[in-house]
Each structure stands twice: as C-alpha cells, then as structure tokens.
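In what follows, a structure is listed as structure tokens, so that the remarks can point back to it.
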Amino acid sequence: MKELPIYLDYCATTPCDPRVLERMLPYFTDYFGNAASKDHHYGWMAKDAVELAREQVADLIGSKPNQVIFTSGATESVNLALKGLMEGTNRKRSHIITTKVEHEAVLDSCRYLEQQGNTITYLDVDKEGGLSLEALEHAITPETLAISIMYANNETGVVNPVKEIGAIARKHQVKFVCDATQAVGKIPVDVQADEIDLLCFSAHKIYGPKGVGALFINEKSQKPLVFKQQHGGSQERGHRGGTLNIPGIVGFGQAAAICKEEMNDEGARLQSLRNRFEESLLEKVAGSTVNGRINRLPHISNIRFPGVDAERLLLKVSKYLALSRGSACSGLMQKESHVLKAMGLSREEAGQAIRISLGRFTKMEDVVYAINVLTDAVEEALSGNGLSVLKPLTL
C-alpha cells in the first residue's frame, strides 16, 4: 500500500534531500562555530564551510563566489534587492517596471515602494502568460531605475525571455532584478550570459533546508547602491548583519552541487512525467485545459476543470494527494490566482484551476495514482453527486 497522501506540491517547498541532511548534521553538533569568530578553530571551520557553499551556489548560477550573499530566503533577497536599489539611487530614478504575474514578494515590495512615492509599472501578460518585449521596452523612461521580472512563474511554470530582457536593460542602462526562485536548480541559469544584475533564489526549492536563500549582486551594482537593510554587524561583506545560519548554508551548497550534477537528466524525467499527467487528464476529463502551455519549466502543470471548484476538489482528495491552487505565499485566506486573472481568466475560471508540481521523489506510479484519483473526483463533482469521500485506489 502506498504512503498517502502523495506529495505533488514541489513548487511550494521540497523535502530536504537525505544527502543534504547528511552534510548538514555535523554543523549542528561537532562544527557549531560562528563564522565571524576569527580567533579559533571552530570559527575557522565554520567560515571555510560557508565559503565552500558560496562556491557551490555561485557555480549553479554562473557567478563568482564573491557576488553571492546569503540571506534567510528568496523573500528577503527580493526585499534587499528592490529596496536597496531604490534607497541607494537619487530621486531622478524612481521608476521600476515589473509584471502583474510576479510572486507576492516582488509585488508587495513594489507596493511598499509606491507608498514611499516611487512609480511602478505593472505590465500585462497574454493569455498564455507571455510577456511582450515591445511593451517592456516602451515602458522604459528616463526615470526608470530597474526592471524586475521573474525567471519563471511559480504557478504556471512559464519561462520568461530572460536573455532578451537582460539585453533591453543593458541597452537602456537600467538594472535587471530577477526572482529566479522556481528556475534555479531546475533549468540552466547563467547570470552573466543573461546580463542579470541581481538574482534572488532559495534553498528550500532545490531540496535544501528552509530559512536560507541567496542574492547574487553583479559587481557593477554594488555601489553606490544600499543593500544593507538589516543592521547589527558587518557579515556578508557588510550587506547583511546577523550571525550566519551555518548548517543551512552548508545544506544550500550541497543542494546546489547536486542540482548542478543532476539537473539535465532530472528535468527530462520530470517533463516526461508531467506530459503523461497532462495528456491523461485532458483525455479523461472533457473540457479540461492547461493554463500557460508555452515554454515552461519541466515539472509544473496548471490545469483547469470547468465547473469544478478547485478548493473543494483539493479538500476532497487531500487524503490521497497533496496539491495546491497556486502560491503558498498568498496569505491565510487564499484568493483566486492573480496570475491566472492576469492571463485573462475570470474569477470563477481561476477558481477552477489547480497546480501540480512534480519533483525529485515523484515516481511514475505516483503520477498514475494521481491521474486516477483526480479523474474520479472531478467526474463525481460534475455528476452532481457532491464531494463524497473517495474510496481508496490501488495500482
């Protein structure tokens, strides 16, 4: 009998890979020193571990180690990047361009900056979640400080034309801030080739621990910008005060190294599983559609079942499948997806969609099981029989 529920919400977070945990454990007990302790062996060991992890993380994104600072997660990295940029500039440049489908970390930071008197442009996307590069370039003004556009969407998996965005930013001499939380470790990311100035990402999306993330800062963006938003020490080359999370950083480095080695094979495997999942559901459930079918991350599928309330559907199958309606960072009261509404879906239509995200520990048998469970649950809901408890399924 399978262990239930089957986890299919890898975009929200990933389980810590056992290889990562094994690497972390000694830094809770034997090597527990503070990396800022410069006068003894325990501090030296901790510092060496941090610098190795920095090299591993930098290698994953094509940067130099000294361009990476560690944070508490991607949300902090986004805040450091956007607020730090705005605080460090003169008031002649107080305009940021972003999109309506960004993660809440970006949108909330931009709303805060608007309240401080800055100007934000929120670009539309098309029905597939795609961005118009022409509209982006047209939105740039002499007051534009930065473009802040995600690498890949966390709800649909749609990958943006990052290289082209970087070229536009460079052409107009504005900064390019990129939230790559969902993309790093899943597809190749190269900050140099893509001309990214600041890149934000997190360990717990790549089978590392929660509570640690990173911010890549291009050397040309270091000064005169003010990235230190948290005071209390000169850690991380003065960008962020506070004692470093040594076990978390060590785990982040190990997770990055594993992704670097296994990414290509894993991506192909997950895309095959995702395609099987979608093809079966689209065939079995009449009227079902995939939201955002253009260039996507290999492991994400956003599917709408017309006439079926997604919240009730997920509650119905929760004993068997761990799925979601979208971002795990939308607050306690989850609303219809702002991403799907920006893509042209009505509030009702957006409320009929679920996100399936596969991962390193997903097997074909899990996908087959999930297809059967969801098919039965949707058919039952559409038949008018309500949302009664499903009978357990076996393979």
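Where a number appears in this text, it was derived from the coordinates with a stated rule and is not lab data. Note that the coordinates shown come from a computational prediction; the quantities given were computed from them, not determined experimentally. As a convention, Cβ positions derive from the backbone with ideal geometry for all residues, glycine included, and neighbour counts pool all protein chains shown.
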Hydrodynamic radius by Kirkwood, which averages 1/r over all alpha carbon pairs of the range 18-257, in angstrom: 18.2
In the chain the DSSP beta bridges are antiparallel at a rate, in percent to nearest 5, of 50
Relative to the compact-globule estimate 2.2 N^0.38 Å (N residues), the Cα gyration radius of the range 231-373 stands at a ratio of 1.31
Compute the length gained on full extension between residue 271 and residue 132: take 0.36 nm times their separation in residues and subtract their Cα-Cα distance, giving the result in nm to one decimal. 47.5 nm
Please list, ordered by chain and number, the residues whose modelled amide H lies under 5 Å from the amide H of residue 321; skip anything fewer than 5 residues away on the same chain. 6
Say each of residue 124 and residue 319 gets a label point 7 Å from the Cα, pointing the same way as Cα to Cβ; how far apart are those two points in nm? 4.6
Binned at 10 Å starting from 0, the alpha-carbon pair-distance distribution of the range 204-308 in whole percents comes out as 12, 26, 24, 21, 13, 4
Return the sequence-ordered ³J(HN,Hα) values of the range 104-109 in whole Hz as given by the Karplus equation 6.51 cos²θ - 1.76 cosθ + 1.60 applied to θ = phi - 60°, using x for Gly and Pro. 4, 4, 6, 4, 5, 5
Tilt relative to the chain, helix 74-88 - C-alpha long axis, 0 to 90 degrees, to 10: 40
Residue by residue, what Karplus-based ³J(HN,Hα) values in Hz, rounded to whole numbers, does the range 159-170 have, using 6.51, -1.76 and 1.60 with θ = phi - 60° and x for Gly and Pro? 9, 7, x, 4, 4, 5, 5, x, 5, 5, 4, 5
So how do 370-376, 40-46, 212-218 stack up, highest first, on mean other-Cβ count within 10 Å? 212-218, 370-376, 40-46
